[in-house]
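J.: One structure follows; several queries about it will come next.
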Amino acid sequence: MKIKQLAVLCSAAALLVSQPVLADINVGVSLSSTGPGAALGIPEKNAIALLPTSVGGEKINYIVLDDGTDPSAATKNARKLVTEDKVDVLFGSSVTPASLAMAEVAVESQTPLISMSPINLPAEKNVWVFRTPQHVNLMASALVEHMKLKGVKTLGFIGYSDAYGEDWLVGIKPMLDAAGIKLTSTERFNRTDTSVNGQVLKIVASRPDAVLVVASGSPAALPQSSLIERGFKGQIYQTHAAANPGFLKVAGKAAEGVIMPIGPVVVVDQIEDSHPSKKIGQAFVKDYEAKYGAGSFSSFAAYAFDAGLLFKAAVPAALKKGKPGTPEFRKALRDALETEKEVVGTDGVFNMTPTDHFGLDARGRVLIRVDNGGYKLLGK
């Protein structure tokens, strides 16, 4: 009898051993929740707290670090997350320089990265990196179309003296040339600058019909306010990186009338009911403001939330090919991010391909005007 019981116990133990045991899925997040990029990183960090804690029955752990808007810190964080925490995917960062730093670690370690910054990379480094913000060219083309419609012939440019400013200048210049719009002045400034009076004086002296400001968050208010103070009367355009409460608060009345391209979630109640992102966008904004307060929502929160949605859509396929914590799972996750189709996010519909790791089309952008301290959809 005892022998029979022992045999049953041994059989049960063998059965348990033979069952696959999946480890938790670890997500490493590095954001600029302090420093000049805090207006971007704080809402992104807030959004991470609203992401699902399980997918396909597997527990998801989010390990969130602050890079202080410092590329060196972003590199250090990414290395820690990959080597010590053994994460399966990286999210981050909030600003272009820090995201570029994380991309180096992602490629080196062959860990998929979903960036909340629209970074550009050469093909060989692009393999492991995906983005949730709209590609600069997608947003720039919307602005140039508006400029043509309004008869703009000359444009002044002031932007960050880093990769974000350069990406915009390189992207929009051919479009301006094709539209017959001449750049009268090209000026740069640093994210931490407290004055751009010299640059703005040069722009105003060049007498452009309009000015494009390429900056993000509250620092984008500096050239905006300076242009108004110097009496500039033409149209001022900003990029989607300026669409947040920090910019509106710091710029105040100087922001009135500015036009910018943004993701549809920012004006989700104003877009057509037929838009595929309307339902999920409204639900996210409601949940976000229920947790963090009325009027607290920012477009940057949506970039982080959409990173979670892309990740969630890719996990089931990846689990079929590898266990969390293994190179096989990371590779399968990368492949799934690249091949999943019609993934509906709060800011549009994602269709990644081997040559396009942004994945958003015209459904991922709208043009708005700042009106009475808020955003008004153009055409409304």
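J.: Can you tell me which residues in the stretch 346-369 are over 18 Å from Ala283 (Cβ atoms) and assigned to a strand (DSSP E or B)?
T.: Residues satisfying the conditions are Thr353, Asp356, Val366, Leu367, Ile368, Arg369.
Yes/no per residue for (1) touching a Cys at 6+ places or on another chain (Cβ under 6 Å); (2) free of Cβ contacts under 8 Å to residues at least 24 places away in the same chain; (3) closer than 29 Å to Ile271 by Cβ; (4) part of a loop (DSSP other than H, G, I, E, B):
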site	(1), (2), (3), (4)
Ala301	no, no, yes, no
Phe305	no, no, yes, no
Leu310	no, no, yes, no
Ala318	no, yes, no, no
Lys321	no, yes, no, yes
Lys331	no, no, no, no
Val344	no, no, yes, no
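J.: Okay, next question. Return the only residue of Glu124, Glu84 being at pLDDT below 95 and farther than 30 Å from Leu183 by Cα.
T.: Values: Glu84 fails: at pLDDT below 95.
After applying the criteria, what remains is Glu124.
J.: Got at least one residue in the stretch 1-21 being at pLDDT 95 or above and more than 30 Å from Ala221 (Cβ to Cβ)? Walk me through how you get there before you give the answer.
T.: Let us first name the residues in the stretch 1-21 that are at pLDDT 95 or above, namely none.
No, because not a single residue in the stretch 1-21 is at pLDDT 95 or above and more than 30 Å from Ala221 (Cβ to Cβ).
J.: Now for a different question. Only one of these conditions is not met by Met116: (1) touching a residue at least 24 places away in the same chain (Cβ under 8 Å); (2) more than 19 Å from Asp356 (Cα to Cα). Which number is it?
T.: Failing condition for Met116: (2).
J.: Could I ask something else about it? Please tell me if Gly41 is surrounded by fewer than 19 Cβ atoms within 10 Å (Cβ to Cβ) and of a type outside the set (A, V, I, L, M, F, W, C).
T.: Here the answer is no, as Gly41 does not meet what is asked.
J.: I would also like to ask the following. Which of (1) touching a Lys or Arg at 6+ places or on another chain (Cβ under 8 Å); (2) surrounded by fewer than 15 Cβ atoms within 10 Å (Cβ to Cβ) does Tyr375 not meet, given it meets every other one?
T.: So Tyr375 meets the others, but not (2).
J.: Which condition does Ile60 not pass, out of (1) in contact (Cβ under 8 Å) with a residue 60 or more places away in the chain; (2) aliphatic (A, V, I, L, M); (3) assigned to a strand (DSSP E or B), if it passes all the others?
T.: Only one criterion in (1) in contact (Cβ under 8 Å) with a residue 60 or more places away in the chain; (2) aliphatic (A, V, I, L, M); (3) assigned to a strand (DSSP E or B) is unmet by Ile60, namely (1).
J.: Looking only at residues that are of a type in the set (Val, Ile, Thr) and buried (at least 21 other Cβ atoms within 10 Å of the Cβ) in the stretch 345-372, which one is nearest to the chain's Cα centre (by Cα)?
T.: Thr346
J.: When you check Lys148 against the structure, is it modelled with pLDDT under 95 and among the basic types (Lys, Arg), yes or no?
T.: On the way: modelled with pLDDT under 95: no; among the basic types (Lys, Arg): yes.
No, not satisfied.
J.: Any chance the stretch 210-222 includes a residue that's modelled with pLDDT under 95, within 30 Å of Gly345 (Cβ to Cβ) and touching a strand residue (DSSP E or B) at 6+ places or on another chain (Cβ under 9 Å)?
T.: Yes, because at least one residue in the stretch 210-222 is modelled with pLDDT under 95, within 30 Å of Gly345 (Cβ to Cβ) and touching a strand residue (DSSP E or B) at 6+ places or on another chain (Cβ under 9 Å).
J.: Determine the pairs where a residue that is on the phi < 0 side of the Ramachandran plot and of a type in the set (Ser, Thr, Tyr), located within the stretch 23-51, has a partner that is part of a strand (DSSP E or B) and surrounded by fewer than 24 Cβ atoms within 10 Å (Cβ to Cβ) with Cβ atoms under 7 Å apart, the partner being 6 or more residues away or on another chain.
T.: Ser30/Leu65; Ser33/Asp66; Thr34/Asp66
J.: Okay, next question. May I ask you to say which residue of Leu149, Leu143, Leu155 is among the aliphatic types (A, V, I, L, M), more than 20 Å from Pro122 (Cβ to Cβ) and touching a helix residue (DSSP H, G or I) at 6+ places or on another chain (Cβ under 7 Å)?
T.: It is Leu155.
J.: Restricting to the stretch 77-98, what's the tally of residues that are more than 24 Å from Pro324 (Cβ to Cβ) and without any contact (Cβ under 8 Å) to a residue 60 or more places away in the chain?
T.: Applying the first criterion (more than 24 Å from Pro324 (Cβ to Cβ)) to the stretch 77-98 yields 94-98.
Those left that are additionally without any contact (Cβ under 8 Å) to a residue 60 or more places away in the chain: none.
Of the residues in the stretch 77-98, 0 are more than 24 Å from Pro324 (Cβ to Cβ) and without any contact (Cβ under 8 Å) to a residue 60 or more places away in the chain.
J.: If I ask for residues that are of a type in the set (S, T, N, Q) and either crowded, with 24+ Cβ neighbours inside 10 Å or outside any helix (DSSP H, G or I) (or both), which ones from the stretch 74-133 would you list?
T.: Listed by number, the residues that qualify are Asn77, Ser93, Ser94, Thr96, Ser99, Gln110, Thr111, Ser115, Ser117, Asn120, Thr132.
The values are calculated or read from the model by the stated rules, or taken from the named source; none is laboratory data. Everything quoted here is computed from the prediction, not taken from an experiment. A quick note on method: Cβ atoms are made from the backbone with ideal geometry, for glycine too, and the neighbour counts reach across all protein chains shown.
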